[in-house]
Structures are given as C-alpha cells and as structure tokens.
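First comes the structure, then the notes that go with it.
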Amino acid sequence: MPEFTDRSKMKLMPASAKISPLFFLLLISWTNMAWSQQIRPHVPLPDEPVRSAIFEECSACHGIDEYAYHAQDKSGWQNLLTELHGDSPQLSVSSSNSEILLNYLSENFGPERNPFPREYIPQPVEEIFSDVDAQNFLELTCTECHEIRVYDRNGPTGYWRNLILEMRGNGAQLSDENLERLVEWLARTQGP
Ligand code: HEC
Ligand code: HEC
C-alpha cells in the first residue's frame, strides 16, 4: 500500500472519532422529531348540519383535526371551549349551532375515547410479530368494530403508526408495545 494512504487514515481517524457521537446524537434526535411530527390526527369533515355549523363558527381560525386531542362529555366540551377561547369577541356561537356542535363533539370525541396523543415516542420493538401472530392479533383487536381493513393498503411506518393510533383513539385496545409490533409488521409486509 502506498504510504500516503496510511498517513491520511491516521489523520482521519481522530477526526471521525470526534464527529461520530455527535452525528449519532443528531441522527437520533432528528429521527425522534421526524417521528413525532408525522403523528397527527385526521378528523374527517362531518356531514350536514354539523358541517355548516363548523364552517360558520369554527373553521375561520383553525382546522378540525385538533378536536381528536380531547375526550369530553357534553358539559366537558362546553367548559373546554370556553376555557380555550376565553372571551374571544369573534367567537359567539348561536345557540342552535352550539347545540349541534356540542352534540357532535361529545358523540365523536367523548370520554370513552383515548384522545390522540400530542406527543408519542415509539417504543423499540423487541420481539417482532410473525405473520400468524399479526393476523391473529388483527382478528382479535380490530373485528370488534369492522372487518380487517389493512390488506388492501400499503404505506411506510409513519402511515401505519398514525392509522393505528387513530384506531386506538376510536377505542381499539392496544398496548404501546403491541401497537409498535403491529406497525413494524405492517410496514415490513405492506410497505410503500
Ligand atoms: C376566533 C378564532 C377561533 C375560533 C372562531 C375558534 N377557535 Fe378554537 N382555538 C382558537 C385558538 C387561538 C386556540 C388555541 C388556544 C390555546 O391553545 O390556548 C383554539 C383552540 C381550540 C382547540 C384546542 C386545540 C388543541 O390543540 O388542543 C379546540 C378543540 C378548539 N379550538 C375548538 C374550536 C371549535 C369547536 C370552534 C367552533 C365552535 C372553535 N374552536 C372556534 C381560536 C378559535
Ligand atoms: C373501537 C372501534 C374500532 C376498532 C377496534 C378498530 N377500528 Fe378501525 N375504524 C373505526 C372507525 C370508527 C373508523 C372510521 C369510520 C369507518 O371508516 O368505518 C375506522 C376506520 C378504519 C380504517 C379506514 C381509515 C381510513 O382513513 O381509510 C382502517 C384502515 C382501519 N379502521 C383499520 C383498523 C385496524 C387495523 C384495527 C385494529 C388494530 C382497527 N381499525 C380497529 C373503529 C375501530
């Protein structure tokens, strides 16, 4: 080997040894950030008459996805909205719209739900699902509400995590650990 290779290696080694821990730290925090940013509820726009009530009273300032961060009964929603908006002069909801909105909110984002997490740090998966494990798990966990609706879909980890967190919001019972095992299996077998 020519001598200069050894010399350049000697020069490079200490430099890269200094950089790599920092690089890893950056990578880890970037990955965590990217993960937590991907996690976001999606609330479909409801049908009439709620749709118009939302357009008239709510959507001028912010979207409706944020509703999923909360789980309250009717009076809880009323208090929360007052608390959140203070005495905002722009927010004076007509009493008929107020009734429509509070019914919608408490029916769709009621106390029986698990509110969508604002921050979610995925647990590392220690023991992965086999195909049979995953299929049994889906059968047990999902068919309480509807048929298994994953086999016609593909997506990356973030897509699946968001979907399953949303299902947990709807009331599906999954531990954090099983949630991540399922997400890992879905991304592995039904990736993009
Ligand atoms: C005049 C502007 C305005 C209107 C109209 C308005 N909001 Fe808000 N809303 C805000 C602001 C500002 C915040 C943030 C308050 C805070 O974080 O302290 C907020 C926060 C919220 C939150 C909490 C969001 C979160 O991230 O947890 C919910 C839920 C909400 N609003 C629902 C509604 C509903 C339902 C209506 C219609 C009845 C409505 N808002 C109308 C300005 C508005
Ligand atoms: C407690 C009830 C409940 C459970 C349990 C549940 N879901 Fe859902 N799921 C819903 C509701 C409500 C919707 C939205 C309305 C609809 O599309 O039927 C939905 C919709 C979906 C959709 C379509 C969403 C879209 O945006 O296209 C998929 C996919 C799905 N669920 C997958 C699952 C999977 C996978 C599980 C098991 C881990 C599961 N669900 C468990 C209630 C549930």
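A short reminder: the numbers here are calculations on the coordinates, not readings from a lab. Here the structure is a predicted model, which means the values were calculated and not measured. Cβ: placed from backbone, ideal geometry, glycine included. Neighbour counts: every protein chain shown.
Brief remarks follow.
- Extension gain for ARG40-GLU99 works out to 18.5 nm (0.36 nm per residue, less the C-alpha to C-alpha distance).
- Close amide H partners of HIS70, meaning residues 5 or more places away or on another chain with modelled amide H under 5 Å apart, are PHE116.
- With R₀ set to 25 Å, the beta-carbon distance separating ILE128 from ASP152 gives a calculated FRET efficiency near 0.65.
- Relative protection proxy for 112-120, 162-170, from highest mean packing down: 162-170, 112-120 (other beta-carbon atoms within 10 angstrom).
- Contact order relative to length of segment 50-108, as percent, for alpha carbon pairs under 8 angstrom and 6 or more apart: 60
- Vicinal HN-Hα couplings computed from phi for segment 182-192 (Karplus, 6.51 cos²θ - 1.76 cosθ + 1.60; Hz; Gly/Pro x): 5, 4, 4, 5, 4, 5, 6, 9, 10, x, x
- Of every Cα-Cα pair in segment 124-189, the percent that sits beyond 18 Å: 27
- Listed values for segment 145-152 are Karplus-derived 3J(HN,Hα) couplings in whole Hz (6.51 cos²θ - 1.76 cosθ + 1.60, θ = phi - 60°), namely 10, 7, 4, 6, 10, 10, 6, 9, and x replaces Gly and Pro.
- Distance (nanometres) between label positions extended 7 Å along Cα→Cβ at ILE121 and THR82: 3.7
- Additional length obtainable on full extension of the chain from ARG188 to GLU56, 0.36 nm per residue less Cα span: 43.1 nm
- Approximate spin-label separation SER92-GLU177, in nm, with each point projected 7 Å along Cα-to-Cβ: 5.6
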